[in-house]
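These notes are about the structure you will find just below.
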Amino acid sequence: MRILGIDPGLARVGYGVIDVEPRKGKEEGTQRMVDCGIIRTDPGRSEGERMVEIARDLRQIIRIHQPELASVEKFFFYRSSNTIAVVQARGVLIMTLTRFGLPIVEFPPMQIKQALTGHGHADKDEVLEAVMRELDLDTPPRPDDAADALAVALTGWFQR
């Protein structure tokens, strides 16, 4: 199974693609990273133009990787000036995934941390170590948004 994990944002959308091969008769499987990176939008453009960039780039990622499941981080509400823009960008992501007919699962940050580390209050380093261990990576995936998206993808597999 190929899973696309997404860490929503307006300036940077993290994405991570993993392949999972279940073991016969067992719940766990073998996971490997296929790709990860970010969709970066131009801060000099209007919010609407940035949303179009996000949708266009996500369509390209979907066409290249052909995922079977999309796993998206649920937005955690902060009191910041860009909260609404990030929620709108997340809506564009969900709409684009839906237009491709992809099943979507969503997880809040605490559930992602719980799935990867065993506790919902893990720090970024603990989550990163778990991602590296689960995907058998020698070096941390960069940037952080891409590593977070891989954590979201793994959670999609673990919580199926």
- Message: Looking only at segment 126-147, filter to residues that are assigned to a helix (DSSP H, G or I) and of a type outside the set (D, E, K, R); which one of those is farthest from MET33 (Cα to Cα)?
- Response: VAL127
- Query: Which of (1) open to solvent by 40 Å² or more (accessible area, probe 1.4 Å); (2) within 15 Å of the chain's Cα centre (by Cα); (3) modelled with pLDDT under 95; (4) not hydroxyl-bearing (Ser, Thr, Tyr) is the odd one out, the single condition ARG59 does not satisfy?
  - Reply: (3)
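Quick one: how many residues across segment 41-68 are assigned to a loop (DSSP other than H, G, I, E, B) and in contact with a strand residue (DSSP E or B) (Cβ under 6 Å, 6 or more places away or on another chain)?
So in segment 41-68, the residues assigned to a loop (DSSP other than H, G, I, E, B) come out as 41-46, 66-68.
Among the residues that remain, those that are also in contact with a strand residue (DSSP E or B) (Cβ under 6 Å, 6 or more places away or on another chain) are: 67-68.
Result for segment 41-68: 2.
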- Of those in segment 43-56 that are among the small types (Gly, Ala, Ser) and more than 17 Å from THR98 (Cβ to Cβ), the residue surrounded by the fewest Cβ atoms within 10 Å (Cβ to Cβ) is GLY44
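Listed residues GLU126, GLU134; which is among the acidic types (Asp, Glu), within 17 Å of GLY5 (Cβ to Cβ) and open to solvent by 40 Å² or more (accessible area, probe 1.4 Å)?
Only one candidate qualifies: GLU134.
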- Within segment 44-60, is there a residue that is touching a residue at least 60 places away in the same chain (Cβ under 8 Å) and over 12 Å from ALA89 (Cα atoms)? no
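The values are calculated or read from the model by the stated rules, or taken from the named source; none is laboratory data. Since we're looking at a predicted model, the values are computed, not measured. Ideal geometry is used to build each Cβ from the backbone, glycine not excepted, and the neighbour counts take in all protein chains shown. What goes into the accessible areas is simple: the full protein's heavy atoms, side chains included, and nothing from ligands, DNA or RNA. Shrake-Rupley method; radii C 1.70, N 1.55, O 1.52, S 1.80 Å.
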